[in-house]
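Contents: one structure, followed by commentary.
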Amino acid sequence: MTPELRQLRYFVAVAETTSFTRAAAALHIAQQSLSQQISVLERQLGTKLFDRDARGTRLTSIGELFLPEARSVLARADAAVATVARAIRGEIGTLRLAFLASTANYLLPPVVRAVREQLPELTVTTAEVSIAELVDGVRDGRFDAGFTRPPLVDDLATHILLTEEVCAVLPCGHRLADRPSLRLAGLANEPWVLTPRASWDPWHRKYDADFAAAGFTPDVVQRTATVQGLLGLVAAGVGVTRLARSAHSLRRTGVVFVPLEGESAHTVVVWRADGPRPAALLDVATRLAETTDLSGAG
């Protein structure tokens, strides 16, 4: 019968302390229980491991041979447990990250660089995807985590990474472009360009509520699937829109970003609520967000 790890730990403790009494105290067990387990181990091995007499407890010659082997087995077991713990934390193995396409331009480079530098034993893969693809991919396990705007669903856990201003995006030369800030209600009479309602219904329900709170229903003259497309339509004078300030990194000309009073947007890390928390990734990303303006990075 193969000895248990517990018995090997007991054996090593007695060998190192040369005392059943001291070993029992260090192991926080009764001395009688310790003696019984060592006796069981000796019966399993078919030999004595200790000599006990008035002078104390000493290893037998076979015990001296067995001690380094027992230590080696325990070290390998501890290493195996540590490897599993590191894998659960996301420090080793493969990390599959999804980035919302509209955030990847400024967020992907610093995040991936920091993960590669601080978690060198981790292989990182990335994908730039739509919100629907990101949520589906995290749900079905294709992605371990995603960087996105809050998806507003219940089955994904979220960690807020950064918060930034939401702005009205106006074409250059617009009559409101030189304002230091605006209220959403001040854009009630403007033509709007927005993403398709089918792109992500939870977001559009939130947009509807925001517009209703501002007292109007927007006159949507055109819809396009990407933030870059929205910025192009605004620059062309088709309409106005509303975006996080970081979207300015996608287009520097033809548009003006004016902060909307009382509005902000989060960037979050998401993962399956019923899956392992990507602790190592969150640690790296949180430290990065505390020391870097991620909304202007990239």
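Answer with yes or no whether Ser264 is assigned to a helix (DSSP H, G or I), open to solvent by 10 Å² or more (accessible area, probe 1.4 Å) and out of contact with any Lys or Arg (no Cβ under 8 Å at 6 or more places or on another chain). Step through it out loud before you land on a result.
Working: assigned to a helix (DSSP H, G or I): no; open to solvent by 10 Å² or more (accessible area, probe 1.4 Å): yes; out of contact with any Lys or Arg (no Cβ under 8 Å at 6 or more places or on another chain): yes.
So Ser264 fails the test.
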- Task: Would you check if Val220 is in a loop (DSSP other than H, G, I, E, B), of a type outside the set (D, E, K, R) and touching a strand residue (DSSP E or B) at 6+ places or on another chain (Cβ under 9 Å)?
- Result: no
- Under the condition of being more than 9 Å from Ala15 (Cα to Cα) and open to solvent by less than 40 Å² (accessible area, probe 1.4 Å), which residue from the range 56-65 is nearest to the chain's Cα centre (by Cα)? Thr60
- Could you give me the residue pairs with C-beta distances under 8 Å whose first residue belongs to the range 162-188 and is touching a residue at least 12 places away in the same chain (Cβ under 8 Å), whose second residue is of a type in the set (S, T, N, Q) and open to solvent by less than 20 Å² (accessible area, probe 1.4 Å) wherever it lies, and which are 6+ apart or on separate chains? Leu162/Thr267; Thr163/Thr267; Glu164/Ser246; Glu164/Thr267; Ala168/Thr241; Val169/Thr241
- Task: State whether one or more residues within the range 220-234 are in contact (Cβ under 8 Å) with a residue 60 or more places away in the chain and either over 22 Å from Val129 (Cβ atoms) or among the basic types (Lys, Arg) (or both).
- Result: yes
- Note on the structure: When the range 178-195 is checked residue by residue, the ones that are surrounded by 14 or more Cβ atoms within 10 Å (Cβ to Cβ), in a loop (DSSP other than H, G, I, E, B) and over 37 Å from the mean Cα position of the chain (by Cα) are Arg179, Ala188, Glu190
- Note on the structure: Within the range 53-68, of all residues that are outside any loop (DSSP other than H, G, I, E, B) and free of Cβ contacts under 8 Å to residues at least 12 places away in the same chain, the one nearest to Ser19 (Cα to Cα) is Asp53
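The values are calculated or read from the model by the stated rules, or taken from the named source; none is laboratory data. Because the structure is a prediction, the values reported are computed rather than measured. Heads up, the Cβs are rebuilt from the backbone with ideal geometry, glycines too, and the neighbour counts pull from every protein chain shown. Side chains included, ligands, DNA and RNA excluded: accessible areas come from the protein's heavy atoms. Shrake-Rupley method; radii C 1.70, N 1.55, O 1.52, S 1.80 Å.
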